[in-house]
Amino acid sequence: MKLVAVTACPTGIAHTYMAAESLEKAAKKLGHAIRVETQGAMGIENALSDDDVEGADAVLLAAGIPVRGRERFEGKRVVEVSVQEAIRNAEKILSGLAG
Amino acid sequence: MAVEVAFEFPVPGGLHARPASLLRGTMAGFASSATFVNRRSGRTANAKSTLALVATLTRHGDACALRIVGADEEAAAEALRRFLRDDLPLAGETAPAPSRAAESLAPLPRALAAAGVPVLRGIAASGGIARGRAVAPESAADGAGAREEAAGEASFEVARLDGAFAATAAALRARAARAVNETERAILAAHLSILEDPELRTRIEDEIRSNGVSAPRAVRATTGHFAGILRASGSASLEERALDLKDLAEQLVRVLLGGSADASVVLAGDAVWVAEDLAPSGLLSLDRRHLKGIALGGGGRTSHTVILARAAGIPCVTGLGGAAASVTPGSETIVDGERGLVVVDPPPAVRRFYDGETEKLASLRSRLEAFRAAPGRTADGRPVEVAANVASLEEARLAFRSGADGIGLFRTEFLFMNRREPPSEEEQLHVYAEAARMAAGRPVIVRTLDAGGDKPIPYLGLPREKNPFLGFRAVRTYGEHREVLAAQLRAILRASAFGKVRAMVPMVATAEEIREVRALVRSLSAGLTAKGIAHDAGLEVGMMVEIPSAAFALPALAKEADFFSIGSNDLAQYFFAADRENERVSHLYSPLHPAFLRLLSAIVEGAHREGRWIGLCGEMGRDPIAAPLLAGLGLDEISLASPGISAVKSVLARSRADECRALLDASLAKESAGEVETLLRAHAESKSDRRLASRETVRLRARSGSREEAVRELVDLLHVAGRVGDPDRFEEAVWRREETASTAVGFGVALPHARSADVRVNSIALLRFDRPVAWGPGETEPVRMALLIAVADGAPGDAHLRLIASLSRRLVGDEFREALLSAPDEEEAARRIVEAASR
């Protein structure tokens, strides 16, 4: 399965990156392809391209705040979770998406 | 004929006691009378009466004038003009430490806010945390005021008054003699000067004669009159002077009614004084072994009671209003002089919080202490004495408290200014010997009188000159005022019996000048020896190098001088031929210019070649970024104003001697001051400790048992390490984040964080819990370790944010978490954090 995700949190210092790491680890373990865009204190990094979004089977938003550029995902299957969830239960979330 | 000098009142705090007594002091040297006129308030005053001056309610910016009449009115006007221009603008009180309390209503620390007991809020007037039983005065009126007295004959009442004034003055003097610090002495002296104020005495007598009242009533009426004016002034510092007057009035009345001016109060155990107010004399009469804290309904930040409390290190909160009266005597009371809070009957959580606070204050203090105790040296241990420039005993005391390795320059001009004749040998001896005693073995370099130039001393009769800086001043006047110099040198010689005292001669241009002073010292020393008066016969006599000619005569000078000290301010002025206070040429005055550095380098080498040690006293020594450069020059000593001492010491401690030398060589090869400054900044930047974590930011055995306590403990770690400014405000920022969503991230880890202007260095603090802690409501998994991430608001660049992002990512992996959980000590844990962040 091909996935894209965006992580963000109120201060954008730590949790954004932990969630990204967690999702990337879980995806690798479960054999999914994933690209994670982080929207943190350093701005948007690893930004998703139109092709990334186009080719994704699902979009995962792990954010405690409104995600920037949300309109990019119109018409896609979008799943939202809290940042904490993404950090703690990344595997479970990804399994749920696949199922 | 009269002379009138008009001016705008320049002191921000208005004409309070200190500027008033300085103004009075300036006039005291002249026979002419002077009237102070405030055109705004319309009030006038005898400029020789401090009290009358204060009562003019003069505020900053008021249009004022001084009208001078008398034989020496021209000279007096000239002295006043100089005083108004040079001294008065600097006469404001040094601002008290900024307080977090009251007016801004800073957030309460969580532990207090959550405790559910009333917390009384006031003004943080004197720092520290105190705990004790509340003690209240037995009766405010003292009984004395209530007794109504029939007035006797006016002459009888005036005679009583004489007796009371004399007894009260004697009591003040006796107390001053017993005073435990300079502040107490100064405040008692201020009370004495109010007591001796001609205006006060005259008004009390007028009151007796014209209204036929008794002496006690006249005292109360008169002081009440002045206090009323002061209270109505709308100026907090003037209002507080009313307390001094009331205090004096009560002492006078006690004596008039047959009591003693002194009243001692015995305290049974650790006590906190809780009352509407406390007079300065009241504080001095309380048993200070047991007086732990003071909580007052009235009062501000600058009353003499507060200043005394600060000097004695007694925590004090003022401005509690009516709440102070509601405290039941005997209740356990905590005075938080850091935040301006008072808690009565504290529950266990509050006590635990203050246990932590007390411990933190102690570790902050011991951190400073360890630093202060360490003498100035480079990272590889080359000693560079970091000494202080002072002009009074008060400043000397501050200097040693700030960690000075000695007094590198004791300016004595101020002992000679604002008076009619030079201070006596005994008077000077007292000052120099006291400085030597405070120094406790560290050197005290007393500079002989540097009169003339910008430091006029009327009674020396120095001529007015077109160009005073190139004129008859300092050592050049000694031939004409041999007796003044001899008295000063004798005082210095005699003070040398009390410690390591040295003499230093200013403005030496040629070897003859220092040779003459030397010869005089020898003959004075012989005279003292003949009389059997104790002194150091080998007193070191050195000289300032502040005239370029001296720089090129070191071999001859070294035959007469035991040491040298570069006066960089004057030396640079003479070297560049530019007055640093003249805006149009001050850009030419630049001590960091390579040309000037080459001169300094030649002087230091020359002095060392002659086997003499050499220091530097001047503004240049105050600039922390220049300190490695000065060490590179090979200076043995740097002397500067006290507040900069710790900064200079800590900068020196981070650079090795060879790096300093290389920095100097690189600077000497440059062509402009700007280029040198760039080099110095780059060096300073490379030396600052900007690592994310250190041993000090980690505690592997947390004391906290709850999330609230843990957040505070983490914040305190960063605070003690000097990485966070205001711990309460930073804690509040952490809580604001904590409240949006829990920062527990699973795996038994919590990651509280905040971005705040109170963060000085981006940092990570780590706490490990022996017993896991529940991280807030709804969190099922207890936390075994918490990392607090502190990011400076507006921190330049993303470098640190990137480190923290990469650290956060690593926390998701088991390996790093296990490494932290199993780290054997703080050092190792900090190393792991720094390492994880850099990958």
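The values are calculated or read from the model by the stated rules, or taken from the named source; none is laboratory data. Please read all numbers here as calculations on a predicted model, not as lab measurements. Methodologically, a virtual Cβ is constructed for each residue, glycine included, from the backbone with ideal geometry; neighbour enumeration extends over all protein chains shown.
Within region B:397-413, identify whether any single residue is over 20 Å from the mean Cα position of the chain (by Cα) and hydroxyl-bearing (Ser, Thr, Tyr), and answer yes or no.
Checked against the condition, which is being over 20 Å from the mean Cα position of the chain (by Cα) and hydroxyl-bearing (Ser, Thr, Tyr), region B:397-413 yields no hits at all.
Go through region B:360-400 and report how many residues are at pLDDT 90 or above and charged (D, E, K, R).
4
Out of the residues in region B:741-761 that are within 38 Å of the chain's Cα centre (by Cα) and not in a strand (DSSP E or B), state the one that is nearest to the other protein chains (Cβ to nearest Cβ).
Filtering region B:741-761 for residues within 38 Å of the chain's Cα centre (by Cα) gives B:752-761.
Still in the list and also not in a strand (DSSP E or B): B:752, B:757-758, B:760-761.
On the way: B:752: 9, B:757: 14, B:758: 15, B:760: 17, B:761: 15 Å.
Here the residue is B:752.
Hey, does region B:266-277 have a residue that's in contact with a helix residue (DSSP H, G or I) (Cβ under 9 Å, 6 or more places away or on another chain) and assigned to a helix (DSSP H, G or I)?
No: region B:266-277 contains no residue that is in contact with a helix residue (DSSP H, G or I) (Cβ under 9 Å, 6 or more places away or on another chain) and assigned to a helix (DSSP H, G or I).
Determine, yes or no, whether residue B:241 is at pLDDT below 85 and charged (D, E, K, R). Let's see the steps before the verdict.
Working: at pLDDT below 85: yes; charged (D, E, K, R): yes.
Judged against the criteria, residue B:241 is a match.
Here is a check on your reading of the model: is residue B:738 within 11 Å of chain A (Cβ to nearest Cβ), touching a Pro at 6+ places or on another chain (Cβ under 7 Å) and of a type in the set (Asp, Glu)?
Here the answer is yes, as residue B:738 does meet what is asked.
List pairs: first residue in region A:31-53 and acidic (Asp, Glu), second residue surrounded by 17 or more Cβ atoms within 10 Å (Cβ to Cβ) anywhere in the structure, Cβ distance under 6 angstrom, at least six positions apart or on different chains.
Pairs that qualify, where the first residue is acidic (Asp, Glu) and the partner is surrounded by 17 or more Cβ atoms within 10 Å (Cβ to Cβ), are A:37/A:6; A:37/A:48; A:45/A:38; A:52/A:4; A:52/A:35.
Considering B:516, B:512, which residue is of a type in the set (Asp, Glu), surrounded by fewer than 18 Cβ atoms within 10 Å (Cβ to Cβ) and either farther than 22 Å from residue B:527 by Cβ or touching a residue at least 40 places away in the same chain (Cβ under 8 Å) (or both)?
On the way: B:516 fails: either farther than 22 Å from residue B:527 by Cβ or touching a residue at least 40 places away in the same chain (Cβ under 8 Å) (or both).
It is B:512.
Mind listing whichever residues of region B:442-467 are surrounded by 17 or more Cβ atoms within 10 Å (Cβ to Cβ), in a loop (DSSP other than H, G, I, E, B) and either of a type in the set (Ser, Thr, Tyr) or in contact (Cβ under 8 Å) with a residue 60 or more places away in the chain (or both)?
Passing the criteria: B:448, B:456.
Hey, does region B:502-517 have a residue that's among the basic types (Lys, Arg), out of contact with any Ser or Thr (no Cβ under 7 Å at 6 or more places or on another chain) and within 17 Å of residue B:615 (Cβ to Cβ)? Please lay out each step first, then the result.
From region B:502-517, those among the basic types (Lys, Arg) are B:502, B:515; that's our starting set.
If we keep only those that are out of contact with any Ser or Thr (no Cβ under 7 Å at 6 or more places or on another chain) too, we end up with B:502, B:515.
Still in the list and also within 17 Å of residue B:615 (Cβ to Cβ): B:502.
So far as region B:502-517 goes, yes, one or more of its residues are among the basic types (Lys, Arg), out of contact with any Ser or Thr (no Cβ under 7 Å at 6 or more places or on another chain) and within 17 Å of residue B:615 (Cβ to Cβ).
Take the residues of region A:42-65 that are touching a strand residue (DSSP E or B) at 6+ places or on another chain (Cβ under 9 Å) and in a helix (DSSP H, G or I): which is farthest from the other protein chains (Cβ to nearest Cβ)?
Ranking the candidates gives A:55 first.
Select from region B:468-486 the residues that are touching a strand residue (DSSP E or B) at 6+ places or on another chain (Cβ under 7 Å) and part of a loop (DSSP other than H, G, I, E, B) and write down the one among them that is surrounded by the most Cβ atoms within 10 Å (Cβ to Cβ).
B:473
Looking only at residues in region A:1-41 that are of a type in the set (A, V, I, L, M) and assigned to a strand (DSSP E or B), which one is farthest from residue A:66 (Cα to Cα)?
From region A:1-41, those of a type in the set (A, V, I, L, M) are A:1, A:3-6, A:8, A:13-14, A:18-20, A:23, A:26-27, A:30, A:33-34, A:36, A:41; that's our starting set.
In the following step, the residues that additionally are assigned to a strand (DSSP E or B) were identified as A:3-6, A:8, A:33-34, A:36.
On the way: A:3: 20, A:4: 17, A:5: 14, A:6: 11, A:8: 8, A:33: 25, A:34: 21, A:36: 16 Å.
Going through the qualifying residues, I end up with A:33.
Residues of region B:365-416 being acidic (Asp, Glu), crowded, with 19+ Cβ neighbours inside 10 Å and assigned to a loop (DSSP other than H, G, I, E, B), which ones?
Scanning region B:365-416 gives a single hit, B:405.
Going through region B:703-715 one residue at a time, which ones are in contact with a helix residue (DSSP H, G or I) (Cβ under 7 Å, 6 or more places away or on another chain) and either in a loop (DSSP other than H, G, I, E, B) or at the interface with chain A (Cβ under 9 Å from one of its Cβ atoms) (or both)?
Listed by number, the residues that qualify are B:703, B:704.
For the list (1) in a strand (DSSP E or B); (2) more than 10 Å from every other protein chain (Cβ to nearest Cβ); (3) among the basic types (Lys, Arg), I need the number of the one condition that residue B:729 fails.
(1)
Just give me the residues in region B:454-484 being of a type in the set (A, V, I, L, M) and farther than 20 Å from residue B:557 by Cα, in sequence order.
Result: B:457, B:460, B:462, B:470, B:484.
Can you list the helices (runs of 4 or more DSSP H) found entirely within region B:619-702 that contain at least 2 residues being over 24 Å from the mean Cα position of the chain (by Cα), more than 26 Å from residue B:563 (Cα to Cα) and free of Cβ contacts under 8 Å to residues at least 12 places away in the same chain? Give the derivation first.
Numbers: elements: B:627-633, B:645-652, B:657-668, B:673-687.
The helices (runs of 4 or more DSSP H) meeting that bar are B:673-687.
Which of the following residues is within 11 Å of chain A (Cβ to nearest Cβ), buried (at least 23 other Cβ atoms within 10 Å of the Cβ) and at pLDDT 85 or above: B:718, B:767, B:787?
B:787
Charged (D, E, K, R), in contact with a strand residue (DSSP E or B) (Cβ under 6 Å, 6 or more places away or on another chain) and loosely packed, with under 14 Cβ neighbours inside 10 Å: is that true of residue A:80 in this structure?
Yes: the conditions hold for residue A:80.
Any residue at all in region B:762-777 that is within 14 Å of residue A:11 (Cβ to Cβ) and part of a loop (DSSP other than H, G, I, E, B)? I'd like the intermediate steps shown before the answer.
Within region B:762-777, the subset within 14 Å of residue A:11 (Cβ to Cβ) is B:762.
After this cut, where a residue has to be part of a loop (DSSP other than H, G, I, E, B) as well, the list is B:762.
Checked against the condition, which is being within 14 Å of residue A:11 (Cβ to Cβ) and part of a loop (DSSP other than H, G, I, E, B), region B:762-777 yields at least one hit.
Quick one: how many residues across region A:4-33 are away from chain B (no Cβ under 14 Å) and either over 8 Å from the mean Cα position of the chain (by Cα) or surrounded by fewer than 22 Cβ atoms within 10 Å (Cβ to Cβ) (or both)? Walk me through how you get there before you give the answer.
Of the residues in region A:4-33, the ones away from chain B (no Cβ under 14 Å) are A:4-6, A:30-33.
Subsequent filtering for residues that are either over 8 Å from the mean Cα position of the chain (by Cα) or surrounded by fewer than 22 Cβ atoms within 10 Å (Cβ to Cβ) (or both) retains A:30-33.
Looking only at that region, the number is 4.
Please tell me if residue B:256 is modelled with pLDDT under 85 and buried (at least 20 other Cβ atoms within 10 Å of the Cβ).
Numbers: modelled with pLDDT under 85: no; buried (at least 20 other Cβ atoms within 10 Å of the Cβ): yes.
For residue B:256, the condition - modelled with pLDDT under 85 and buried (at least 20 other Cβ atoms within 10 Å of the Cβ) - is not met.
Can you confirm whether region A:66-80 contains a residue that is within 14 Å of chain B (Cβ to nearest Cβ) and assigned to a helix (DSSP H, G or I)?
No; the residues of region A:66-80 include none that is within 14 Å of chain B (Cβ to nearest Cβ) and assigned to a helix (DSSP H, G or I).
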